[in-house]
Amino acid sequence: MFRPGVVLAAAAACALLLVGCSASGSATTSTRSHPKVVAAFYPLQFAAEQVGGSHIDITTLTQAGVEPHDLELSAQQVASIASADVVLYIKGFQPAVDDAIAQEAAGKAVDVGAEITHLTTGGAVDPHIWLDPANMTAIGNALANRLASIDPDHAATYRTNARALAAQMVVLARQYQSGLARCASRTIVVSHAAFAYLAKAFGLQQVAIMGLSPDAEPSPARMAQVAQLMRADHVHTIYSETLVSPKVAQTLAQTTGAKAVVLDPLEGLKPGSTDNYVSVMQANLTALQANQGCRS
Ligand SMILES: [Zn+2]
């Protein structure tokens, strides 16, 4: 497609900048490549897949099976951030990603948590926003707005896709609301404090053995405190994770006579997994209903 206005504008830009322009490349809008979207970790990749569909190229910084909190970036990954059109991340979640964005991609980054009312845990801002489906809708909308501005040809598609994601999240939230409406226990004892947004959305009470990050070994005092609380509240389940060693949860399960069951904080998929955000959230709901004594 030949558009004289675009050619003139591009030529003028080249004349002004004198760098980075070639006569053919700048004038040929029809061969423009897809926007390159870098997602910091899995739930943001899922949002990008849903909203961008086949119109964007997605790279995910955190590989399947890797726990994302303490991600380290290779030089190649930092380069992918520098050359991206959009970098999706949650500020304060992955320090290495925050640093790379500050140095390489300040104007191209979308902090998907920026529009969300954050919860605090132990005085620190809780980054685990994706575990409330309503927040996934906000993430999808933020991405659709950014994509629409850098790739206006497909703006309508991005917005339609974001509405479809929102509809999926409404269905998921309704499943949670009805599935967790009548439960014998509303206290969930979890490994690290990832579930505050989910707990708030659906009327549960999170008790975390560890803090906001899964790396710190809990003190014996904290273990004893949680064990005492479990006895007082008649809690018979401890939720462990997919990407973190279940050792701490299993130890506490042994000392309290509880059973350890997986509740996936969706910080990443396991290698080779065919699951996605929705299927893992549905498996989590099934685990909660079975172990919190919920009646349907
Ligand atoms: Zn976490």
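Rule-based calculations on the coordinates, nothing more; no lab input. It should be emphasised that the depicted structure is a prediction, and the values quoted were computed from it without experimental measurement. Here the Cβ positions follow ideal geometry from the backbone for every residue, glycine too, while neighbour counts run over all protein chains shown.
Along each of its three principal axes, how wide is the spread of alpha-carbon positions in the chain, in whole angstrom units, largest first?
Taking max minus min along each principal axis of the Cα atoms, the chain gives 74, 39, 35 Å.
Report the residue, chosen from Q103, Q168, Q94, that carries the largest GNM mean-square fluctuation when the chain is represented by alpha-carbon nodes joined by springs under 10 Å.
Of the options given, Q103 has the highest mean-square fluctuation.
For R186 and I150, FRET efficiency with R0 = 51 Å and r from the beta-carbon atoms, rounded to 0.05?
Once the sixth-power term is evaluated, E becomes 0.70.
How big is D, in µm² s⁻¹, for the range 182-291 by Stokes-Einstein at 4 °C and 1.567 mPa s if Rh is the Kirkwood radius over C-alpha pairs?
Answer from the Stokes-Einstein relation: 91 µm²/s.
Please compute the modelled spin-label separation between A102 and S245, points set 7 Å along Cα→Cβ, answer in nm with one decimal.
My value for the distance between the label points is 3.1 nm.
I need the shape label for the range 95-239. Rule: rounded when a/c is under 1.5, else prolate if a/b > b/c, else oblate, with a, b, c from the alpha carbon gyration tensor.
Note, shape of the range 95-239 comes out oblate.
Of L198, L119, L147, which has the largest mean-square fluctuation in a 10 Å C-alpha GNM of the chain?
L119
Taking springs between alpha-carbon atoms closer than 10 angstrom, which of T274, T251, T157 fluctuates most in the Gaussian network model of the chain?
T274
How would you classify the range 49-156 from its alpha-carbon gyration tensor, with a ≥ b ≥ c the square roots of the eigenvalues: rounded for a/c under 1.5, else prolate if a/b is greater than b/c, otherwise oblate?
Oblate.
Please compute the modelled spin-label separation between D275 and T59, points set 7 Å along Cα→Cβ, answer in nm with one decimal.
Placing both labels 7 Å along Cα→Cβ, they lie 2.7 nm apart.
How charged is the neighbourhood of G53? Take every other residue with its Cβ under 14 Å from the Cβ of G53, and add Lys/Arg as +1 and Asp/Glu as -1.
Local charge sum for G53: -2.
Which entries in the list K247/K270; K91/K200; K91/K259 go over 25 Å, if you measure between the two C-alpha atoms of each?
Over 25 Å apart, Cα to Cα: K91/K259.
Please report the antiparallel percentage of the DSSP beta bridges confined to the range 153-296, to the nearest 5.
That works out to approximately 10 percent antiparallel.
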